[in-house]
Amino acid sequence: MADLKMPELNSVMVAGNLTKDPTFRETSNNTPVVNFHVAVNRRYKDSSNQWQEDVCYVGVVAWNKLADSCRERLTKGSAVLIDGELQSRTFKTDDNKNRTIVEIKAKRIQFLNKVEKNGVNETAAKNFSLGSNSDDSSTYENNSFNKFLTDEESNLLNEDK
């Protein structure tokens with residue numbers, strides 16, 4: 001009998017709001033990196049059929065041009081749609097204990113906040129895509145997340161245009 005191999009899939013998409021301003025830094029070889037957390041809400045009905053809301057706080061890391069874009073565009077409360085993959089990393093705390101965290105390594109981020117342009121409200125729907133960690137393969141794609149939106153969601157985003 002042939003050995004069966006489980007397919008490898010690591011993909012995550014979340015929408016939420018930043019819990020505080022992003023932290024921007026550069027690595028020792030001047031690679032830009034930004035870290036932030038988003039609050040992702042989930043609504044559900046409990047056993048008594050009442051609506052409840054649960055909040056999940058998710059860490060996000062973005063690199064290179066995507067990190068630069070986040071530094072320029074994001075602040076506490078900013079709404080974002082993030083497409084990426086889960087990654088874990090281990091580090092030592094101040095008291096010399098190992099700590100492991102799981103976070104999203106962002107591939108694409110769509111900025112969802114409305115911006116004021118020439119006195120008119122417009123939806124900020126610029127999407128930045130990071131093909132890999134090298135600057136040469138980083139590209140910008142506009143509105144590629146729109147294909148994932150329902151007609152109702154698209155209408156809501158375009159309501160104030």
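Coordinate-derived values only; no laboratory data. Note that this is a predicted model, so its numbers are computed, not measured. When we count neighbours, we look across all protein chains shown, and the Cβ atoms used for this are built from the backbone with ideal geometry, even at glycine.
Taken over segment 30-67, the criterion of being assigned to a helix (DSSP H, G or I) and either of a type in the set (Gly, Ala, Ser) or at positive phi (or both) is satisfied by ASN64, ALA67.
Taking residues in segment 50-77 that are free of Cβ contacts under 8 Å to residues at least 40 places away in the same chain and of a type in the set (D, E, K, R), and partners anywhere that are part of a strand (DSSP E or B) and surrounded by fewer than 11 Cβ atoms within 10 Å (Cβ to Cβ), the pairs with Cβ atoms closer than 6 Å and at least 6 places apart or on different chains are GLU53/ARG43; ASP54/ARG42.
Scanning segment 1-29 for residues that are polar (S, T, N, Q) and over 16 Å from SER69 (Cα atoms) yields ASN10, SER11, ASN17, THR19, THR27, SER28, ASN29.
Condition test on ASP83, is it surrounded by 12 or more Cβ atoms within 10 Å (Cβ to Cβ), in contact (Cβ under 8 Å) with a residue 60 or more places away in the chain, closer than 17 Å to PHE111 by Cβ and of a type in the set (D, E, K, R)? Yes: the conditions hold for ASP83. State all residues of segment 73-91 that are in a strand (DSSP E or B) and either among the hydroxyl-bearing types (Ser, Thr, Tyr) or farther than 9 Å from ASN113 by Cβ (or both); if no residue qualifies, say none. Residues satisfying the conditions are LEU81, ILE82, ASP83, GLY84, GLU85, LEU86, GLN87, SER88, ARG89, THR90, PHE91. Scanning segment 14-49 for residues being surrounded by fewer than 13 Cβ atoms within 10 Å (Cβ to Cβ) and either of a type in the set (D, E, K, R) or touching a residue at least 12 places away in the same chain (Cβ under 8 Å) (or both) gives a total of 9.
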